[in-house]
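Q: My structure is below; once you've seen it, I'll send some questions.
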Amino acid sequence: MPSNSELNTISLAPKPIQGIYVSASYSMTLPLVTVFIPTKNRVELFQRALLSAVQQDYPSLEIIVIDDGSDHAVSEVNAKLCSQYPQVRYIRNESSIGASAARNKAIAVAAGEFITGLDDDDRFEPDRITQFVSAWQKQSDFAYLCSCYVFHMAGNKPKLGLRRGKLITYSSLKLKNEVGNQIFTKTEYLRQIGGYDESLVACQDYDLWLRMSKGFGTALRLNFASYHIHSEHDAPRISNFAQRERGHQQLIDKHKAEWSDAELKCQLFYKALLCGERKFSRLWRWLTIDTLPVYLLYKIRGLK
């Protein structure tokens, strides 16, 4: 297993993409990769997401669209779009079963050896799948792979998130979500751990990363940004603050028996911060050696 200082030998190579150097080589043996996209009543955003998957430069691809109870007119548009691409499988739920259940439905029917997800309001860079397959073929003993990402917010310039490659362990993941919101892994791994926990109202992805890391070991975040998270649009994202707070507390309740006091403080700190808390008079009680730098960063920015 490489150290963090050795990651460049896995994730870096001569080809530059928007200033981020990544690898573009892979062997001639191309395993089938499944991309799943759950969607509901977001036609234009879904079209952008789907096209970013269809336009991948990796040829051995299956795309599963789970239309989770969209209005009839929306479903007709979605189905027509999907029918234009032979690699796309369109599955419609007559009534909504929820994002996690929709993802699990895709996982259950996926034909790919590998699998990854895409939210219907986000998009891929064209070589995202190629990069993942190339990295996995170089070293295949990781639990999963993920990447840096670009975050798009209303009224702001795009911001690079998770700025460097990194080994992700179960221990480090218990302190904070170092993954983002999507992983690339073997389909059988997701099936073995039972997919997404449908009882959680938010943080279902973080819960999955924790169980994957506990069950299968170290993961790798590659040193390139191939995923775009869009939050600048008017359509609601899956989790608002109240729902996210409730979901994060469910996550804490589910895993806290395996966390130390310091790890629990980190979770409570990030739960408050990510749910909109900006009063450090309420955050100080959860300060640890791991959350103090974040505290100081917000303090420097003048938040009280």
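Only the coordinates and a few stated rules stand behind these numbers; no lab work does. Model, not experiment: these values are computed from the prediction. Here Cβ is always computed from backbone atoms with ideal geometry, including for glycine, and neighbour counts include all displayed protein chains.
Q: Can you give me the C-alpha center-to-center distance between region 102-167 and region 179-217, rounded to a whole angstrom?
A: 13
Q: Now, a different point. Straight-line reach from LYS166: which aspartates and glutamates have Cα under 14 Å away, leaving out those fewer than 8 places along the same chain?
A: GLU6, GLU178
Q: I would also like to ask the following. For a footprinting-style exposure proxy, rank ARG89, ARG163 by other Cβ within 10 Å, fewest first.
A: Taking fewest neighbouring Cβ atoms as first place, the list is ARG163, ARG89.
Q: What is the order of THR218, THR39, THR130, fewest Cβ neighbours within 10 Å to most?
A: Neighbour counts put them in this order, fewest first: THR218, THR130, THR39.
Q: Something else about it: Which entries in the list LYS214/LYS256; LYS214/LYS254; LYS186/LYS256; LYS186/LYS254; LYS40/LYS157; LYS105/LYS265 go over 23 Å, if you measure between the two C-alpha atoms of each?
A: Flagged as over cut-off: LYS186/LYS256; LYS186/LYS254; LYS40/LYS157; LYS105/LYS265.
Q: How do LYS214, LYS186, LYS159 line up, fewest other C-beta atoms within 10 Å first?
A: LYS159, LYS214, LYS186
Q: Between rounded, prolate and oblate, where does region 81-206 land on the alpha carbon gyration tensor, with a ≥ b ≥ c its root eigenvalues, rounded for a/c under 1.5, else prolate if a/b exceeds b/c?
A: Judged from the Cα gyration tensor, region 81-206 comes out rounded (a/c under 1.5).
Q: Could I ask something else about it? Can you return the aspartates and glutamates within cross-link range of LYS176? Criterion is Cα-Cα under 19 Å, with same-chain partners fewer than 8 residues away left out.
A: ASP197, ASP205, ASP207, GLU245, ASP253, GLU258, ASP261, GLU263, GLU277, ASP290
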